[in-house]
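Quick notes on the structure that follows.
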Amino acid sequence: MALELSEANFDAEVLQSAQPALVDFWAPWCGPCRSMAPVIEELSNEYAGKVKVAKVNVDQNQALAARYGVMSIPTLLMFKDGKVAGQVVGFTPKNVLAKKLDGLL
């Protein structure tokens, strides 16, 4: 299950995490975001214990989206050692994301 992030817990869960993280910036009204949801959940299960997989609802966390320059959704940011280590925008196939996550490990 992907972790729900907000401005309150983002830094502790992602930037200060010992594990790499994949953060999905999404919104409930976004069609491609809804298409990505099952892919994000599958990655969350497959990378459990290795990569933290999380979601940020941009409608509820606009300052967080602005902080990372999220202009279109879904935007997926990969973090390692507290820094952005990769980014993909739009629907992205699971195998492409898995390859990027493997590169973080």
So, for segment 3-103, what is the accessible surface per residue at a probe of 1.4 Å, expressed in square angstrom?
50 Å²
Work out from phi, with θ = phi - 60° and the Karplus expression 6.51 cos²θ - 1.76 cosθ + 1.60, the ³J(HN,Hα) of each residue of segment 25-37, listed in order in whole Hz, and give x for Gly and Pro.
8, 8, 8, x, 7, 8, x, x, 5, 5, 5, 6, 3
Please list log₁₀ I(q)/I(0) at q = 0.21 Å⁻¹ for segment 3-103, using the Debye equation with identical point scatterers on the alpha-carbon positions.
-1.09
Read phi for every residue in segment 3-18 and hand back ³J(HN,Hα) as whole Hz from Karplus 6.51 cos²θ - 1.76 cosθ + 1.60, θ = phi - 60°, with x for Gly and Pro.
6, 8, 10, 9, 4, 5, 10, 4, 4, 5, 7, 10, 5, 9, 6, 6
With all protein chains in place and a 1.4 Å probe, Asp81 shows an accessible area in Å² (nearest 10) of 120 Å²
Please report, as a whole percent, how much of the solvent-accessible surface of the chain comes from carbon and sulfur atoms (probe radius 1.4 Å).
54 percent
Can you give the helix-only mean residue ellipticity at 222 nm for the chain, where every DSSP H stretch with n ≥ 4 adds -39500 (n - 2.57) and the sum goes over all residues, rounded to the nearest 500 deg cm²/dmol?
-9500 deg cm²/dmol
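The values are calculated or read from the model by the stated rules, or taken from the named source; none is laboratory data. This one's a predicted model, so the numbers in the text were calculated from it and none came from an experiment. Note: areas computed on protein heavy atoms with side chains; ligands, DNA, RNA excluded. Shrake-Rupley method; radii C 1.70, N 1.55, O 1.52, S 1.80 Å.
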